[in-house]
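The structure appears right after this line, and notes come after that.
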């Protein structure tokens, strides 16, 4: 590489993109030392040589003159809006010594007083850095907003991090509140191709269910507008129709590959024999037998008497409860006509071809070419666990989960394991990102992660606990030092400017690691400049929906200014804190070296990232495929093997999810044992989704509109608007510059295009101009992710009227108490501030 | 003979603007200049409404009004059908701009070229290098990435398109992918009634 840099010539480097959290393969062209083109790598099936608009805009991130290229120290002690930090350049030694000394002081006193806001998704292993010194805090909501419920539930039902329908074989695709294949999520450029191939070449039918006419809805065969935060009711209506009206479910699959036939006692728990094996009803011998009894023919449905105990099968328990979720009732809740729910259910189950099989590469698989897919909008609600479960249950009912053409698990990276739990069940793996935090009262984390045994970090709850530290048991662990690393928590967390200003000013020392400054890092005392993705290494593959393998991010050009790799910065800080061993211990854990001791990092060394990736490559890909191999070849990514995609395990799926029930029961015991005084709704730990109504629907009548937020590809994940090529497009698009209202709603409220309005929830307010569009549900005001920045430090970003998330109450009502996911819909009232000029 | 042409598949296009920015990278077009872009338009009334995404690019017409309007000979047609502008001959009169019924030409003033940097008051190394290709006071337009074609590569917007909504090829070859798709899908030329015979077709 060094020789390449020195030569005044044209060369290309195979690398990977980092303009969102995924990692498409790229080929970077450099001419006379200047990056002149980034293209997709046609040899990489993750993206087939394609790049999204953001991937095409990376050059402007790299050459942003407002990049931080040297360590900076603040000279103005006053922090907050309107305050110029008075940055001065300092040496790396001074910067690192200061950061390490300040962090060490706090961590040695109590690591729980340290607050990390670490969101560098492509270097996920660095999220674990605070754990190296015993800190479990998480001062951010990144990931929680979209995946708080999504990821743990995928871990429970698929033993994977994400999931998506089968682009290759699906024929009938229902998409609820998600951008998969159209505008966002899971390697968007490759997925758009896969979806276009399916839609246009194979004639796959797409039904999009959303409050707003998204890209998916615009391209779908049918757009079904839905009242925000009512998605689960639409799904329950479909399930009711299958179970009670059409009587079409995959009985064979439910009987043999789920715990649907397991017998449930009146208390809701699965009945077990003396050996602890789950019981089911054998129709041959007409008695209860263990789930694995040889020769048994289990009953999927029915009431049975086991000794003196009245029992029903899990499937029957659900079916009887689902009798009440009629299309008419679900229509009242969703605003979708009952006949539409019935029609979609019929089309869906007919397209599923229940009972059919297909042969791929000589092996016969279940073939169910219909599935329901969803992402943030479809499940980021107060009872997110139930929303997520509803989609899984529907896919299970037709046998489409992990079937050819159905709904498939998506691995976080290379790690794959499907293991057997008791009763022949798939072992649930809710913690896809790392181990959870053990229960404690008072809590050891300020965001109460201690109370979420199967959840993702509910960062929004920091806002709640910091306002009443006594009540929430966090008064002794209030923040004293903070690291903001590729994160903008003040922008994306709920909370008013006043609240954050006070909080940030109360924190003794704040350091930031980033490429550009933002609303949050403007509060930093020291800023440490990271490399961009065009001048750094990484070895990864995150959430590949249809591929398998890893790929190398490698520098196309030498580091700019004095920038250094963020991982190496953390090594430097760790060493100066006297915690080098801690860092290597955690690295060994998260990289998986603990399982292969010959690759273990030595405890007393600062390891260059290239060495870590080399060991990882050799450990996972074989000794002949170290870093040098990847430098030359870029990747070893292939289309995902059918053996991983389809029926990757022989275990039973949790139709009746006793694991979630049990987790709740254990949590309750912990609350009781410790005398935890917090009022917690344990009833959210359910074995299957029910019809409970999210609190957002019960706000005071004055808040008469639903506010939702949306994005499309140009503003998909991570920093966007400070990239001028992106903002040049986004700022020209009225969809992204206004608050979208249906014409009938605008007329009723006396509003015209361009009127400046305020949206006020019971929490806070944002504002912006009205944009009247037909493609939005009349009860909804839709807010682009592109409005609402207020950064002062970046010339390209136009200040907006506040982030949408400000409208979301960060309380327990708006948080899923099982997963930590946050409600993504707010109820607001609209006030006209001034007429269009 | 070769006649380069493009089919734009409206069914596949998702309006993501990857084409717009791939072009920006490839050609280094200054702020406000788009050789290609995608526009979107709402059609219908709630709830029977959709959004149509339409990619736009110079049609490289066989019978190009811009070519006829050019008084200096700056606009010319290559043997393989490209409509190009010779900057050295262009005096910036904008007759072509007026003549183009599709509005696919842009006048780039000296001032805009000098001042419209992507970051205020700063030219990035990328711009330093790429803006050399432009002359202020001329009319600029899409060349179907002539420089890439010369290297045997397809235009930048084509290779990047995630939806594979742009098919490029030789319209004179009845067996080319682009010709076959136009035939199979009843592709149509934009404003065909004007008789300009565009080399760009739309597929629905």
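Here is how the numbers come out for the structure above:
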{"quantity": "Test item: A:63-69 mean partner chain Cβ contacts at 10 Å", "calculated": "3"}
{"quantity": "Highest-first arrangement of A:101-113, A:466-478, A:445-457, where packing means the average Cβ count within 10 Å", "calculated": "A:445-457, A:101-113, A:466-478"}
{"quantity": "Quarter of the Cα convex hull surface for chain A, i.e. its orientation-mean projected area (nm²)", "calculated": "34.8"}
{"quantity": "Isotropic mean projected area of the C-alpha convex hull, chain B (nm²)", "calculated": "12.9"}
{"quantity": "C-alpha center-to-center spacing [the stretch A:91-147, the stretch A:718-742] in angstrom", "calculated": "32"}
{"quantity": "Where N is the number of residues in the stretch A:337-490, Cα Rg divided by 2.2 N^0.38 Å", "calculated": "1.42"}
{"quantity": "Space enclosed by the convex hull of the alpha-carbon atoms of the stretch A:184-260, per residue, Å³", "calculated": "161"}
{"quantity": "Length gained when the stretch residue A:201-residue A:361 is fully extended (0.36 nm per residue, less Cα-Cα span)", "calculated": "55.4 nm"}
{"quantity": "For the stretch A:746-770 versus the stretch A:453-479, the gap between their alpha-carbon centres in whole angstrom", "calculated": "32"}
{"quantity": "Residue-averaged beta-carbon neighbours from other chains (10 angstrom radius) around B:114-120", "calculated": "4"}
{"quantity": "Percent antiparallel among DSSP beta bridges (both partners in the protein assembly as shown, rounded to 5)", "calculated": "65"}
{"quantity": "Of all DSSP beta bridges in the stretch A:426-562, antiparallel share, percent nearest 5", "calculated": "25"}
{"quantity": "All Cα pairs of the stretch A:539-659, percent lying beyond 20 Å", "calculated": "58"}
{"quantity": "Efficiency of FRET between residue A:795 and residue B:172 - r from beta-carbon atoms, R0 45 angstrom, step 0.05", "calculated": "0.40"}
{"quantity": "Translational diffusion of the stretch A:526-566, µm² s⁻¹ [Kirkwood Rh, Cα pairs; Stokes-Einstein; 25 °C; 0.890 mPa s]", "calculated": "210"}
{"quantity": "CD proxy at 222 nm, helix term only [per DSSP H run n ≥ 4: -39500 (n - 2.57); per residue of the protein assembly as shown; nearest 500]", "calculated": "-7000 deg cm²/dmol"}
{"quantity": "Space enclosed by the convex hull of the alpha-carbon atoms of the stretch A:645-776, per residue, Å³", "calculated": "244"}
{"quantity": "Evaluated over the stretch A:162-410, the Cα radius of gyration and Dmax, each in Å", "calculated": "19.0, 59"}
{"quantity": "Estimated Rh, the stretch A:2-59: Kirkwood, alpha-carbon pairs, angstrom", "calculated": "11.6"}
{"quantity": "Calculated SAXS-style log₁₀ I(q)/I(0) at q = 0.21 Å⁻¹ - the stretch A:435-526, Debye, Cα scatterers", "calculated": "-1.11"}
{"quantity": "Cα gyration tensor shape for the stretch B:31-123, rounded if a/c is under 1.5, else prolate or oblate", "calculated": "oblate"}
{"quantity": "Cα convex hull volume per residue for the stretch A:695-834 (Å³)", "calculated": "120"}
{"quantity": "Inter-part distance where the stretch A:771-837 and the stretch B:41-60 are each reduced to a Cα centre, Å", "calculated": "26"}
{"quantity": "Dimensionless Rg ratio for the stretch B:45-88, taking C-alpha atoms and the 2.2 N^0.38 Å reference", "calculated": "1.85"}
{"quantity": "Average other protein chain Cβ within 10 Å of Cβ, residues A:773-779", "calculated": "4"}
{"quantity": "Cα gyration tensor category, rounded, prolate or oblate, for the stretch A:118-203 with a/c compared to 1.5", "calculated": "prolate"}
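Quick note: the coordinates plus some simple rules give every number you see, no bench work behind them. Just so it is clear, the structure is predicted and the values come from calculations on it, not from any experiment. Counting neighbours? That spans all protein chains shown, and the Cβs are built from the backbone with ideal geometry, glycine included.
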